[in-house]
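Beneath this line is the structure, given in structure tokens, with notes to follow.
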Amino acid sequence: MRRTGTTRRGALTATGAIALGATLAGCGGDGGDGREDATIADARAAAAQVENTLRLTAATTSRKLLVQYDQVVKAYPGTEAGLTPLRDAVRAHTTALSQSEGGPLALSHPPATDAKAAVEELAAAERRTAAAHTATLLKAPPELARLLASIAAAGAAHAYLLTELAKETSS
């Protein structure tokens, strides 16, 4: 025989449903005059502007490194086989950081007088670029910080590989 009337289970279910309804109704209300929404929008716009500035700075740093790779390969064609995979990676990093293509960059000085010194300069440039990306990631929002950390780690690996390549490169 089935019990009629209010049961404990029914009372708890009803109480839970009422509490859930009240919670959802409280979350959906505006409760303000729109100033809070404007403040949030302003904060998001400011955060986006900071991220764009950081991306532009990091992309420019990587583009300068890419130009240096191109100059070394052009000046010393014998280094092309060893530098092409690293240069391609730097190009990919630059593309990942860039939201638009930048114009051409020129370095203030030509590559070194011999291939070995040029590769050593590239290793130093990779270290500087990795350090710059590491410094930038401390100010970046999470997604950009992860990208910069990855690129900085790749730059450190490139610096090591270039140092080893310089040992094998004849003057």
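Structure values in brief
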| quantity | calculated |
| --- | --- |
| Sole residue being open to solvent by less than 40 Å² (accessible area, probe 1.4 Å) and modelled with pLDDT under 70, chosen from 28, 34, 5 | 34 |
| Residue pairs meeting the criteria (Cβ under 8 Å; at least 6 apart or on separate chains; first more than 16 Å from residue 123 (Cα to Cα), in region 74-100; second assigned to a loop (DSSP other than H, G, I, E, B) and open to solvent by 50 Å² or more (accessible area, probe 1.4 Å)) | 75/110 |
| Members of region 46-67 found to be under 17 Å from residue 126 (Cβ atoms) and open to solvent by 20 Å² or more (accessible area, probe 1.4 Å), listed by number | 60, 61, 63, 64, 66, 67 |
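Each row is one residue, and each column tells you yes or no for (1) touching a Leu at 6+ places or on another chain (Cβ under 8 Å); (2) surrounded by fewer than 16 Cβ atoms within 10 Å (Cβ to Cβ); (3) modelled with pLDDT under 90.
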{"position": "91", "(1), (2), (3)": "yes, no, no"}
{"position": "97", "(1), (2), (3)": "yes, no, no"}
{"position": "115", "(1), (2), (3)": "no, no, no"}
{"position": "119", "(1), (2), (3)": "yes, no, no"}
{"position": "123", "(1), (2), (3)": "yes, no, no"}
{"position": "142", "(1), (2), (3)": "no, yes, no"}
{"position": "147", "(1), (2), (3)": "yes, no, no"}
{"position": "152", "(1), (2), (3)": "yes, no, no"}
{"position": "159", "(1), (2), (3)": "no, no, no"}
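The values are calculated or read from the model by the stated rules, or taken from the named source; none is laboratory data. Here the structure is a predicted model, which means the values were calculated and not measured. Don't worry about glycine lacking a Cβ; one is built from the backbone with ideal geometry, like all the others, and counts go over all protein chains shown. Just the protein is used for accessible areas: all its heavy atoms, side chains included, with ligands, DNA and RNA removed. Shrake-Rupley method; radii C 1.70, N 1.55, O 1.52, S 1.80 Å.
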